[in-house]
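Notes follow the structure.
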Amino acid sequence: MSHDATQTPELVAFSKDIKALDLNPLWERTVSQQPGSACQAKLWSWADLKPQLMKACELIGTKLAERRVLMLENPTMRGSSFIANTLFTGLQIILPGEVAAAHRHTPNALRFVVEGKGAYTAVAGERAMMQPGDFLVTPNWSWHDHGNIGNEPVVWMDGLDSAFTKFFGATFREDYPEDVQPLYRSEGDSTAAFGSALLPVDYKAETHASPILRYPYERTCEALRHLYKSQPLHAAHGVKLRYANPADGKYPFPTMAAFMQFMPKGFDGKKYRSTENIVFNVAEGTGTVTIKGQSFAFGPHDIFVAPSWCEISFKTNEDCTIFSYSDRAAQDAMGFFRDEVL
């Protein structure tokens, strides 16, 4: 029924009267009942991003900034800090000798290492060195700090589910008394305990997130290459793997899913769409992605966002490896997720 069909003089007067009681008639609602969002598809070029990150290093240190991060905001959400309705994306850079002081917060956080070597993240008493292409997990309310003991700048992408904690009014944050937390676990403990399809016999989950701190890029690429040689390509995704929580086989976070996909040179993927909001970061390769009819040429380290229910397709100029994360974990848990190849 159209809105105009309900506009009799009596209903108009009734609507006016009940507004004084903070009531509104459902039959006059104008909120969309269709999938998708008002967020735009957008690509941020590494050629534009890197000079700005280096300039930020000249202008502010980690002592003042705490986290030297440039946030990627969707053009439709200025001032929100969000790249899509449900996701935060930022690029963080840390120089040799710097420390990003320890703190903790209720949002979960992921790291995807973009460029440079010599930096580490320390989470819940364990340090992990970062290598380009690595995916790292920071469960919510875990103490974490970062540092660079190498001799070159290191950049990684931060992905947070802070839109969820903001929506629920459940955003909390706390600083650690010192710049760094004490390390009480050996480096690599989490990988040794959980990274080989094995679990300690007495393991009991302490968080809802994956107990693995670091998923190495080298191991991920090995799995992708093996499947590329042994299995047919998916018509839309090529070879695509999701990072898993080894304790339950689910996603690394209760809210966010993370993926890595490989598409060989000359891949011409079918269009697909899903209800998830997706952020992509190109690890290797060049090509073109088309999102909702808009085409973007991409290269290494470019970042692009595909909002919910947008048609997406890939064409590659060379072998491509692309990391992505989304809100699919939350949608799966609530029974909202849908997808289709077109």
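None of the figures in this text is laboratory data; all of them are computed from the coordinates on show. Computed from a prediction, not measured in an experiment: that's the story for all the values here. Counting neighbours? That spans all protein chains shown, and the Cβs are built from the backbone with ideal geometry, glycine included.
So if I place +1 on the C-beta of Lys and Arg and -1 on the C-beta of Asp and Glu, and nothing else carries charge, what would the dipole magnitude of the chain be about its Cα centre? I want it in debye, nearest 20.
Charge dipole of the chain: 580 debye, to the nearest 20.
Give the cross-link partners of residue 271 among the lysines, using a straight C-alpha distance below 21 Å as the criterion and excluding same-chain residues fewer than 8 apart.
Cross-link targets: 42, 240, 292, 315.
Could you pull out every residue, at least 5 positions away or on a different chain, whose amide H is within less than 5 Å of the one on residue 109? Hs are placed 1.01 Å off N in the peptide plane, and Pro or chain starts have none.
Amide H to amide H, under 5 Å and 5 or more residues apart or across chains, residue 109 pairs with 138, 140.
In segment 20-95, which trypsin sites (Lys or Arg not before Pro) fall in coil by DSSP and have 12 or fewer other Cβ atoms within 10 Å?
Counting only loop positions with at most 12 other Cβ atoms within 10 Å, the trypsin sites (Lys or Arg not before Pro) in segment 20-95 are 29, 78.
Just tell me which aspartates and glutamates come within less than 19 Å, Cα to Cα, of residue 16; anything on the same chain fewer than 8 places away is out.
4, 28
So for segment 17-85, taking the charge dipole from beta-carbon charges (+1 Lys/Arg, -1 Asp/Glu), which of 61, 45, 26 sits furthest toward the positive end?
61
Please give me, ordered by residue number, the trypsin sites (Lys or Arg not before Pro) of segment 82-120 that lie in loop per DSSP and have at most 16 other Cβ atoms within 10 Å.
Of the trypsin sites (Lys or Arg not before Pro), the ones in loops of segment 82-120 whose Cβ has at most 16 other Cβ atoms within 10 Å are 117.
May I ask you to list the GluC sites (Glu not before Pro) in segment 81-181 that are in a DSSP loop and have at most 14 other Cβ atoms within 10 Å of their Cβ?
In loop regions of segment 81-181 (DSSP not H, G, I, E or B), the sparsely surrounded GluC sites (Glu not before Pro) are 178.
Pairing the Cα long axis of helix 217-230 with the longest principal axis of the chain, what angle in degrees results, from 0 to 90 and rounded to the nearest 10?
On a 0 to 90 degree scale, this one is about 70.
Taking Cα atoms, how many degrees apart are the long axis of helix 46-59 and the longest axis of the chain, rounded to 10 and kept between 0 and 90?
70 degrees
Using a cut-off of 14 Å between beta-carbons, work out the net charge of the residues near residue 16 (Lys and Arg +1, Asp and Glu -1, residue 16 not included).
So the environment of residue 16 carries a net charge of -3.
Of 180, 168, 198, which is farthest on the positive side of the dipole of segment 160-237, counting Cα position, with +1 on Lys and Arg Cβ, -1 on Asp and Glu Cβ, and the Cα centre as origin?
198
Quick check: the angle from helix 9-19's long axis to the longest principal axis of the chain, C-alpha only, nearest 10 degrees?
40 degrees
Suppose a student asked you for the relative contact order of segment 121-271, using Cα pairs under 8 Å spaced at least 6 residues apart; what percent would you report?
With pairs under 8 Å counted, the relative contact order is 26 percent.
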